[in-house]
1. Cys246 passes all but one of (1) crowded, with 18+ Cβ neighbours inside 10 Å; (2) over 18 Å from Gln295 (Cα atoms); (3) in contact with a Leu (Cβ under 9 Å, 6 or more places away or on another chain); which number fails?
2. Of the residues that sit in the stretch 70-120 and are part of a loop (DSSP other than H, G, I, E, B) and surrounded by 23 or more Cβ atoms within 10 Å (Cβ to Cβ), which one is modelled with the lowest pLDDT?
3. Would you pick out the residues in the stretch 41-69 that are under 27 Å from Gly230 (Cα atoms), outside any loop (DSSP other than H, G, I, E, B) and within 22 Å of the chain's Cα centre (by Cα)?
4. Filter the stretch 312-326 down to residues that are surrounded by 18 or more Cβ atoms within 10 Å (Cβ to Cβ) and hydrophobic (A, V, I, L, M, F, W, C) and give me whichever is farthest from the chain's Cα centre (by Cα).
5. Kindly indicate which of Thr164, Thr133 is hydroxyl-bearing (Ser, Thr, Tyr), buried (at least 23 other Cβ atoms within 10 Å of the Cβ) and within 17 Å of the chain's Cα centre (by Cα).
6. Here are Asp68, Asp27, Asp48, Asp57: which of them is under 22 Å from Glu340 (Cα atoms) and either in contact with a Lys or Arg (Cβ under 6 Å, 6 or more places away or on another chain) or of a type in the set (D, E, K, R) (or both)?
7. Among the numbered conditions (1) under 20 Å from the mean Cα position of the chain (by Cα); (2) over 17 Å from Ile20 (Cβ atoms), tell me where Lys83 comes up short.
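The values are calculated or read from the model by the stated rules, or taken from the named source; none is laboratory data. Given the structure is predicted, the values throughout are model-derived calculations rather than measurements. We place every Cβ from the backbone using ideal geometry, glycine too, and count neighbours over all the protein chains shown.
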Amino acid sequence: MAHPITPLSPPLKDELDIVIPTIRNLDFLEMWRPFLQPYHLIIVQDGDPAKVIKVPDGFDYELYNRNDVNRVLGPKASCISFKDSACRCFGFLVSKKKYIFTIDDDCFVAKDPSGKEINALAQHIQNLLTPSTPLFFNTLYDPYREGADFVRGYPFSLREGVSTAISHGLWLNIPDYDAPTQLVKPRERNTRYVDAVMTIPKGTLFPMCGMNLAFDRELIGPAMYFGLMGDGQPIGRYDDMWAGWCAKVICDHLNLGVKTGLPYIWHSKASNPFVNLKKEYKGIYWQEEIIPFFQSIVLSKECTTVQECYVELSKNVKEKLGSVDPYFQKLGDAMVTWIEAWEELNPPKEASAAAEPKSVKKEEPSPKSK
């Protein structure tokens, strides 16, 4: 007698939020429906809060606009960027889940070389739930993948690995280039699918892209601040880079791992390189000083939490990058404001059981909750 097949529950369904920054209707979710519909979405609407954003039927979501950001954070709302995808980090702040997957609204489901649609979220979950190996490179890439293992000569004492904090996915079609590279290679498309996941070694920085990214919010959430970008700021399009540099330095200090590679998404449209150049112009100069700053930073042993690391990092930003431009003084202050907002909305579990801060009524986060 045939037994009925028990439907598999989507992995981490109750432990993961999907955060999407947007200025437009979210029709792109139709293509993602088979993979993302079981999960809760946090949509952060940028731009004019009076504009109505439509979400396809059947998705469970909360929608926050700028008015909601101001209502939830009060004076601390100044740390959330406006008219830049950096606004997504407000979603990280108000989530109550252990894991976050964040994706841009111009990203579609990619296909692997066999033509099968890629469930990007499932691969991110696999990356996050298996250890990383930042202390010793495995030449077969991720040793925890099916069909792989540690190679000869890999120390047995390091094979347990460390917890994975960040899973950084890649893109087919439109590569994530800066404006000068876009301008000299306007027709270049990424068609190369590399079936690999690797841990970024300890002490090595990387350019983090926020359009296909997942992380363990409990392990690294307070460091995933996308800075002050966009409207009223001298720089844009460095939001995810900033979060990546800060988070990697803190991951290295706290012995956490960052993976990059699979999963791929299909990045559907290139942004205007001339508009991008205007946003990136100062960052292209500044990064030549920012990178050595992050490469040389040593956090003190007393810093044992992400929040402590981040506050110490903010002081270093003000002291050592403040001379590059006054913007970094402002950014250092915003980093502290971000941590204050994080601690207000995410009190330690013991304290939160006793008393939830009155300013955070999570049960009615927005009149546009569904």
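1. (2)
2. Kept after step one, since they are part of a loop (DSSP other than H, G, I, E, B), are these residues of the stretch 70-120: 80-81, 83-84, 95-98, 104-106, 109-110, 112-116, 118-119.
Now restrict to residues that are surrounded by 23 or more Cβ atoms within 10 Å (Cβ to Cβ): 80-81, 84.
Numbers: Ile80: 98, Ser81: 97, Asp84: 93.
For the stretch 70-120, the residue satisfying everything is Asp84.
3. Once the filter is applied, which keeps residues that are under 27 Å from Gly230 (Cα atoms), outside any loop (DSSP other than H, G, I, E, B) and within 22 Å of the chain's Cα centre (by Cα), the stretch 41-69 yields Leu41, Ile42, Ile43, Val44, Gln45, Tyr61, Glu62, Leu63, Tyr64, Arg66, Asp68, Val69.
4. By that ranking, first place goes to Leu321.
5. Thr164
6. On the way: Asp27 fails: under 22 Å from Glu340 (Cα atoms); Asp48 fails: under 22 Å from Glu340 (Cα atoms); Asp57 fails: under 22 Å from Glu340 (Cα atoms).
Within the list Asp68, Asp27, Asp48, Asp57, the selection yields Asp68.
7. (2)
Every residue, every condition in (1) touching a helix residue (DSSP H, G or I) at 6+ places or on another chain (Cβ under 7 Å); (2) basic (Lys, Arg), yes or no:
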| residue | (1), (2) |
| --- | --- |
| Asn65 | no, no |
| Val72 | yes, no |
| Lys83 | no, yes |
| Cys89 | no, no |
| Lys98 | yes, yes |
| Lys111 | no, yes |
| Gln123 | no, no |
| Phe136 | yes, no |
| Leu140 | no, no |
